[in-house]
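To start, the structure itself, in structure tokens.
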Amino acid sequence: MKPVHKFLLLGVLSTLVDYILYSTLILQGIYYVIAIVVGYSAGLLVNYYIGRKFIFTAGHKLKSVKHEFLAVVVIAVLGALFTILIVKILSYSLFNMNPLFSRIIAIIIVFFWNYFARKI
């Protein structure tokens, strides 16, 4: 199986964790930025652990696990900011789209950012 396919499967798992937490918080009336941060953080932890263990195993480019984790966190923070921006535009400023649906669109867009940034 190609790394991009493994990453896609991992993305499905970590996205489920993320989206379930996000949806639960949104449906409870929690501010969307907080819901995104909580869901995204949980998904990040799942993604990092499984990704490091099973997908990005050979030839780690950084000196240590600590440096690698920091790089993954920076990529994730930028991904979370992109997600917040996309959801804000689609649901809370220009289009008034359902925030559960706009989050799905953001997930699809940010997937590509996460994969290519982490691959590099």
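For (1) farther than 24 Å from Lys2 by Cα; (2) in contact with a Phe, Trp or Tyr (Cβ under 9 Å, 6 or more places away or on another chain), each residue gets a yes or a no:
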| position | (1), (2) |
| --- | --- |
| Leu16 | no, no |
| Ser41 | yes, no |
| Phe54 | no, no |
| Val74 | yes, no |
| Val87 | yes, yes |
| Ser93 | yes, no |
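Please list, ordered by residue number, the helices (runs of 4 or more DSSP H) wholly in the stretch 18-120 having 2 or more residues that are over 17 Å from the mean Cα position of the chain (by Cα).
In the stretch 18-120, 65-87 are the helices (runs of 4 or more DSSP H) which contain 2 or more residues that are over 17 Å from the mean Cα position of the chain (by Cα).
List pairs: first residue in the stretch 1-22 and at negative phi, second residue assigned to a loop (DSSP other than H, G, I, E, B) and of a type in the set (A, V, I, L, M, F, W, C) anywhere in the structure, Cβ distance under 9 angstrom, at least six positions apart or on different chains.
Pairs that qualify, where the first residue is at negative phi and the partner is assigned to a loop (DSSP other than H, G, I, E, B) and of a type in the set (A, V, I, L, M, F, W, C), are Pro3/Phe56; Phe7/Phe56; Leu9/Met1.
Whether any residue in the stretch 35-43 is in contact (Cβ under 8 Å) with a residue 12 or more places away in the chain, of a type outside the set (Phe, Trp, Tyr) and closer than 18 Å to Leu8 by Cβ is what I want to check.
Yes, there is a match, as at least one residue in the stretch 35-43 is in contact (Cβ under 8 Å) with a residue 12 or more places away in the chain, of a type outside the set (Phe, Trp, Tyr) and closer than 18 Å to Leu8 by Cβ.
If I filter the stretch 83-94 for residues that are in contact (Cβ under 8 Å) with a residue 60 or more places away in the chain and either out of contact with any Cys (no Cβ under 7 Å at 6 or more places or on another chain) or farther than 15 Å from Tyr22 by Cβ (or both), do I get at least one hit?
yes
When you look at Gly59, is it modelled with pLDDT of 80 or more and small (Gly, Ala, Ser), yes or no?
When the stated conditions are applied, Gly59 does not pass them.
Looking at (1) of a type outside the set (Lys, Arg); (2) within 15 Å of Arg118 (Cα to Cα); (3) loosely packed, with under 15 Cβ neighbours inside 10 Å, find the lone condition where Ser64 falls short.
Unmet for Ser64, out of (1) of a type outside the set (Lys, Arg); (2) within 15 Å of Arg118 (Cα to Cα); (3) loosely packed, with under 15 Cβ neighbours inside 10 Å: (2).
Could you count how many residues in the stretch 22-44 are surrounded by 19 or more Cβ atoms within 10 Å (Cβ to Cβ) and over 14 Å from Ile84 (Cβ atoms)?
2
The values are calculated or read from the model by the stated rules, or taken from the named source; none is laboratory data. Nothing here was measured: the structure is a model prediction, and the numbers come from that model. Virtual Cβ from ideal backbone geometry, glycine too; neighbours counted across all protein chains shown.
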